[in-house]
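What follows is a set of notes on a single structure, which appears directly below.
The values are calculated or read from the model by the stated rules, or taken from the named source; none is laboratory data. Quick caveat, the model's predicted, so the values are computed rather than measured. Backbone-built Cβ (ideal geometry, glycine too); neighbour counts: all protein chains shown.
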Amino acid sequence: MEPLPETRTALAELVSFDGPEVDELLRNLGERARAVVPELVGLSLGLTTEGLTFTLVASGSAVAAIDAAQYLDGGPCVEVIEGGSDALEVATDDPLDEESWGLYARVSAAAGVASSLSLPVYQGGRRVGGVNLYASTVDAFTGHLGELALLMGTTSAEAVSNADLSFSTRLEAAKAPGRLRDRAAIETAVGLLAALRHQDVDTARRHLTQAAARAGLSEAIVARVVVVVYAGRAD
């Protein structure tokens, strides 16, 4: 698993590590987790700063998009890190989960993810971030929670504690798509979100911008995910 280009660029500009390089960090976490769960298809590491969760590094654009869906509409990662819940194992085809976290469930299913496990990361007894693991089968994580928590904890805590991430800088990086097609996708997504959530357009646009910044993606990428998942559902 390798970092997506957007994540690599953001890390180079926004995050300083005293520990392992990002490629080494991601590879190490992926190898450890896959040794326990062969069905693992991706992971992301998030940190909490300024009262919000950010994706520090993701193993691919599909994983980053799943994170973005959670920042827009809720999901296990946000529940664990910001809500204070314990580790959460979720099957994405569970009707209750889809009702609670609709966008997350749909984006996960589209990416071939059947289950996820979100684990909190602690530093000095304080919850500072979380690890999200994504697998291709429903029961991939069953019985492995304790082992995975132990494997992910130390390395993840080191990376999160050494990160210096500015939300305002990420917000600027997520803006200015530059191409007409990208602007059209953004406007369409904003319209869909506003209609589905009964929000004004400015509020919907702000939520889209923030979700993209937190996931380390451009607004255009997140907008296209929203359009694909929700097109035809704004009635």
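Odds and ends about this structure:
- Selection of strands (runs of 3 or more DSSP E) fully inside segment 32-127 by the criterion of at least 2 residues being touching a residue at least 60 places away in the same chain (Cβ under 8 Å) returns 40-49, 52-58.
- Failed criterion for G143 (all others in (1) surrounded by 17 or more Cβ atoms within 10 Å (Cβ to Cβ); (2) modelled with pLDDT of 90 or more; (3) not in a helix (DSSP H, G or I) hold): (1)
- L217, sole failed condition from (1) at pLDDT 85 or above; (2) outside any helix (DSSP H, G or I); (3) assigned by TED's automatic domain parsing to the domain that holds S59; (4) among the hydrophobic types (A, V, I, L, M, F, W, C): (3)
- Top-ranked residue of segment 189-214 - restricted to ones that are charged (D, E, K, R) and within 23 Å of T48 (Cβ to Cβ), ranked as modelled with the lowest pLDDT: R214
- Test: residue in segment 123-133 that is among the charged types (D, E, K, R) and within 20 Å of V63 (Cα to Cα): no
- Failed condition for T154, given (1) modelled with pLDDT under 90; (2) more than 24 Å from V128 (Cα to Cα): (2)
- Across segment 50-94, the number of residues qualifying as hydroxyl-bearing (S, T, Y), closer than 22 Å to A149 by Cα and out of contact with any strand residue (DSSP E or B) (no Cβ under 6 Å at 6 or more places or on another chain) comes to 2.
- Exclusive hit being hydroxyl-bearing (S, T, Y) and either modelled with pLDDT under 85 or crowded, with 23+ Cβ neighbours inside 10 Å (or both), set S136, S116: S116
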